[in-house]
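Values in this text are rule-based calculations from the coordinates and carry no lab data. Bear in mind the structure is a predicted one, so any value in this text is a computation, not a measurement. With ideal geometry, Cβ positions are generated from the backbone for all residues, glycine too; neighbour counts draw on all protein chains shown.
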Amino acid sequence: MEAALVERKVRSGTQLRGPASVWLLTVGIAAGAGFIWRDGLTLGFAPGGHWLPWWGIALAFYVAEALPVHVHFRKQAHTLSVTEIGLVFGLFFGTPLGLFAGQAIGAAVAFTLHRRQRPLKLVFNLAEQSLCTGVALLVDR
């Protein structure tokens, strides 16, 4: 009978709320990123060779996350980070492992030191960026 009650709640649109739901989503995103990176790290080098070390990619991601662009338009303000710069440099001039390490370390340092994100938001943002970077690597290769 308890299973029927749970099934009825799920069908009626009951949603998880609070930090538990965010942690569940974060674990799902991180699992997807891990699945993609498991294959992505075995891909070959960038077409133009690999001359950009992981710490150079990390520096690009750090600067992009630490210095976001603030755009004010009429009565609204938007904040944009230009992480695509680090992504493009990593895709074209780095190794897959260098791209992964640079993105994870550079963004983690910027999120921690400059944005002072709480652990849940930090882990979510890193998982989301790793997933997006992994997809970009697979598409690029």
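Assign one of three labels to segment 70-115, namely rounded, prolate or oblate, based on the Cα gyration tensor with a ≥ b ≥ c the square roots of its eigenvalues; rounded applies when a/c is under 1.5, prolate when it is not and a/b is larger than b/c, and oblate otherwise. Oblate shape, in that a/c is at least 1.5 and b/c is the bigger or equal ratio.
Spacing of the modelled spin labels on Ala77 and His114, each 7 Å from Cα toward Cβ, amounts to 1.7 nm.
Across segment 55-141, the relative contact order, built from alpha-carbon pairs under 8 Å that are at least six residues apart, equals 33 percent.
Which of rounded, prolate or oblate describes segment 93-139 when judged by the alpha-carbon gyration tensor and an a/c cut-off of 1.5? Verdict is oblate for segment 93-139.
The string of couplings for segment 127-140 from the Karplus curve (6.51, -1.76, 1.60, θ = phi - 60°) is 5, 5, 5, 5, 5, 5, 5, x, 4, 4, 5, 5, 5, 5 Hz, one whole number per residue in order, with x for Gly and Pro. Annotation for segment 51-141: chymotrypsin sites (Phe, Trp or Tyr not before Pro) lying in DSSP loop with at most 11 further Cβ atoms inside 10 Å of their Cβ are Trp51. Here the Karplus relation 6.51 cos²θ - 1.76 cosθ + 1.60, evaluated at θ = phi - 60°, turns the backbone of segment 59-75 into coupling constants of 5, 5, 5, 4, 4, 4, 7, 7, 10, x, 8, 9, 10, 10, 9, 6, 9 Hz, with x for every Gly and Pro. Seen from a random direction on average, the alpha-carbon convex hull of segment 31-141 projects onto 7.5 square nanometres.
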